[in-house]
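For reference, the structure discussed in these notes is given below.
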Amino acid sequence: MDDLRDKYIKLISEARDEAALEDLRVQAVGKKGEVSLKMRELGKMTPEERQAAGPKLNALKDEINSALTAKKAALADAALDERLKTEWLDVTLPGRPRRSGTIHPVSQVTEEVTAIFADMGFSVAEGPQIESDWHNFDALNIPGHHPARAEMDTFYMHREEGDNRPPHVLRTHTSPVQIRSMELAGAPLRVICPGRVYRADYDQTHTPMFHQVEGLAVDTDISMANLKWCLEEFVKAFFEVDAVELRFRASHFPFTEPSAEVDIRCSWEGGTLKIGEGDDWMEILGSGMVHPKVLMAGNIDPAYWQGFAFGIGIDRLAMLKYGIPDLRAFFDSDLRWLRHYGFAALDVPTLHGGLSR
Ligand code: DAH
């Protein structure tokens, strides 16, 4: 019995895996196992012999069973250790950045402009990109024969033959949203209207589709001084500097009287665009006091109300602020360009949190 015990304890301790262990179990304490066979021999013994051998055999069976159980647990532990070693993972490693999209400079700048004017009490208004001839021109005091229609290189929508109504146009500026906002909300009014506009023009600083933001303030005591203050505050906030050199240049627009164009000092030296230095001026906006006829087109009485308006080129602002020399690249959908000039999606521009930082 001792030999049997030594043999199986040794074999069990040497078993390499669960299958080997199971073989040993069958061999020792299975129905036809060595220990079981020995137990059957008890029947042929005398009662005295049986009394001595019985408990010993039972003890042997128990011992082998416990050894099997213990070894099984040890094997499972070892297997787990092995797995933990091969499947080891450093949870303190930083996450790997997945390929992610970026916010286009035009979207970023639109948000920045919106944040600044929202802070001055302007709300956002929108209008259609396919606009009626009337909203885009007539209502803005640009009658049919006016040279401004030709100057704007307008895209006209297709018209059925024999249809003599004026064709719709791809809006050439965001100014028609002034009319729509006045029609909709009346006076007093303070809105900005960002959006896409279209003109048949293409070079380093012009693309057939580009972006403007229109501004309109109508009230009973509005003057050119309010306009100038608003624009200066806007430009300082936008470029995140205490002072920017602006040039208000007397100009002419059919929808404002008087009118002023605003240029910003910049340099194009070495192909890089820098704001606030150099001998060049870049026009960034047109503005003026809303023409009485325009107020009337928006159903507002010019004898009682006045307003100022402005139209800013968003793409131009983006080029100036972020030093982007060629406008055409804005619309190439080149991923490398987007990664370089794009913005993180969660960095929403706000005045309190910083516009671009
Ligand atoms: N609509 C003009 C353009 O696209 C820009 C403009 C000038 C808008 C003067 C205005 C304004 O509101 O008052 O060139």
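The values are calculated or read from the model by the stated rules, or taken from the named source; none is laboratory data. Only a predicted model underlies this, so the values are computations on that prediction, with no experimental measurement involved. FYI the Cβ positions are ideal-geometry reconstructions off the backbone, even for glycines, and counts take in every protein chain you see. Each accessible area value is taken on the protein alone, full model and side chains, heavy atoms only, with ligands, DNA and RNA left out. Shrake-Rupley method; radii C 1.70, N 1.55, O 1.52, S 1.80 Å.
Quick look at the values:
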| item | result |
| --- | --- |
| Close pairs from the range 177-194: first open to solvent by 20 Å² or more (accessible area, probe 1.4 Å), partner of a type in the set (Val, Ile, Thr) and modelled with pLDDT of 95 or more, Cβ under 6 Å, at least 6 apart | Ala187/Val218; Ala187/Ile300; Pro188/Val218; Pro194/Thr110; Pro194/Val213 |
| Number of the exception - Arg249 against (1) part of a strand (DSSP E or B); (2) away from the ligand (no atom under 13 Å from the Cβ); (3) over 21 Å from Pro292 (Cα atoms) | (2) |
| Checklist (1) open to solvent by 60 Å² or more (accessible area, probe 1.4 Å); (2) acidic (Asp, Glu); (3) at pLDDT below 90 applied to Asp90, failing item | (1) |
| Top-ranked residue of the range 303-319 - restricted to ones that are open to solvent by less than 10 Å² (accessible area, probe 1.4 Å) and of a type outside the set (A, V, I, L, M, F, W, C), ranked as farthest from Thr114 (Cα to Cα) | Gly307 |
| Count of the range 219-246 residues which are open to solvent by 30 Å² or more (accessible area, probe 1.4 Å) and assigned to a helix (DSSP H, G or I) | 9 |
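This table checks each residue for (1) in a helix (DSSP H, G or I); (2) among the β-branched types (Val, Ile, Thr); (3) open to solvent by less than 80 Å² (accessible area, probe 1.4 Å).
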{"residue": "Ile12", "(1), (2), (3)": "yes, yes, yes"}
{"residue": "Ala20", "(1), (2), (3)": "yes, no, yes"}
{"residue": "Val26", "(1), (2), (3)": "yes, yes, yes"}
{"residue": "Val35", "(1), (2), (3)": "yes, yes, yes"}
{"residue": "Arg40", "(1), (2), (3)": "yes, no, no"}
{"residue": "Glu49", "(1), (2), (3)": "yes, no, no"}
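Yes/no matrix, rows are residues, columns are (1) in contact (Cβ under 8 Å) with a residue 12 or more places away in the chain; (2) closer than 18 Å to Asp221 by Cα; (3) within 13 Å of the ligand (Cβ to nearest atom):
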{"residue": "Ala260", "(1), (2), (3)": "yes, no, yes"}
{"residue": "Glu269", "(1), (2), (3)": "no, no, no"}
{"residue": "Glu277", "(1), (2), (3)": "yes, no, no"}
{"residue": "Glu283", "(1), (2), (3)": "yes, no, yes"}
{"residue": "Val294", "(1), (2), (3)": "yes, yes, yes"}
{"residue": "Tyr304", "(1), (2), (3)": "yes, yes, no"}
